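Have a look at the structure below before the remarks.
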Amino acid sequence: MNRLLAILIPLVLAMSAMAQSQQPCRFCDTLTPYKHSIMIQVNRGFEDPRDIATYIREKTSGLYNEENDVPAFIFNIRYAYRVLPYMSVGPEFIYATDKHTMRLQEYDENQNMTEEIFKLDVSRTSAGAFSRLHGNWLQVFKPYADIGLGYYCMHSISTPKNPQRTDLLYDNKYHRFYFYIAPGFSFMIWKNHFSIDIGVKYSPTNWHNIFSKKVVFTWKIGYNFNSQNKKK
């Protein structure tokens, strides 16, 4: 992860300098005020938005139990170039990791039900491109819809609670193309320099999302360049 940050931080700074040096946005007006943007997501992942309130409540009340927790982490960085007043395109990189507690129910030789518990650690690394359609009829709240395509590698490791169940041990990797659709709203802040995206992400290749779900909650913070330029 440290090597990844050592590569991405200079890349973000280089893209920032490039965007600031560009010519003014010719189609920009008060509703479409920026041409370049960089968005970053670094946060803990939750299966459901309601889990965020539960997590905060348990942390503040001292009821949080790490053994029952299923942590997840998401890192996403993307650069967007606005090609039309209502469309942006660009590359993105996604890294996500989460853990599952799995239960395997079996019958022994006496036909008695037994249950084996094991943990599954999953990490996903994705690289691809996306296109965003903007709704520009509102000043502060802007609806959007993202469409993403790319390639990802999933790495999963299982660890059984019972060390004698070596048949439950495995280390698996596979690569696959992914596709997703992510609608939501952008909240524009400080003369449109900053934006906060809140929405949902749907992927039919459900292993691409955290917790292997087809629909997950998502949010990002973005910085937009050339937002001071007006249409000329």
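Given the criteria free of Cβ contacts under 8 Å to residues at least 60 places away in the same chain and of a type in the set (Lys, Arg), does ARG132 qualify? Talk me through it step by step, then tell me what you get.
Details: free of Cβ contacts under 8 Å to residues at least 60 places away in the same chain: yes; of a type in the set (Lys, Arg): yes.
Yes, satisfied.
In segment 186-194, the count of residues that are under 16 Å from the mean Cα position of the chain (by Cα), closer than 28 Å to TYR223 by Cα and without any contact (Cβ under 8 Å) to a residue 40 or more places away in the chain is zero. Across segment 153-188, the qualifying residues are those that are closer than 28 Å to LYS201 by Cβ and basic (Lys, Arg), and the one among them that is surrounded by the most Cβ atoms within 10 Å (Cβ to Cβ) is ARG176.
Which of the residues that make up segment 74-113 are among the polar types (S, T, N, Q) and not in a strand (DSSP E or B)? Spell out how you get there, then give the answer.
Taking segment 74-113 as the starting set, the residues that turn out to be among the polar types (S, T, N, Q) are 76, 88, 97, 101, 105, 110-112.
Residues satisfying the conditions are ASN110, GLN111, ASN112.
Summed over segment 150-171, the residues that are more than 20 Å from ASP98 (Cβ to Cβ) and either part of a loop (DSSP other than H, G, I, E, B) or touching a helix residue (DSSP H, G or I) at 6+ places or on another chain (Cβ under 9 Å) (or both) give a count of 4. The C-beta contact set for segment 99-118 (first residue within 16 Å of THR159 (Cβ to Cβ), second residue part of a loop (DSSP other than H, G, I, E, B) and among the aliphatic types (A, V, I, L, M), distance under 8 angstrom, 6+ apart or interchain) comprises LYS99/VAL70; HIS100/VAL70; THR101/VAL70. Residue under question is TYR107, and the condition is that it be modelled with pLDDT of 75 or more, loosely packed, with under 13 Cβ neighbours inside 10 Å and aromatic (Phe, Trp, Tyr); does it hold? When the stated conditions are applied, TYR107 passes them. Scanning segment 202-225 for residues that are closer than 19 Å to PRO71 by Cβ and assigned to a strand (DSSP E or B) returns VAL216, PHE217, THR218, TRP219.
Somewhere in segment 185-193, is a residue β-branched (Val, Ile, Thr) and at pLDDT 90 or above?
no
The values are calculated or read from the model by the stated rules, or taken from the named source; none is laboratory data. Remember, predicted model here, so these are calculated numbers, not experimental data. Cβ sites come from the backbone with ideal geometry, for glycine too, and all protein chains shown count toward neighbours.
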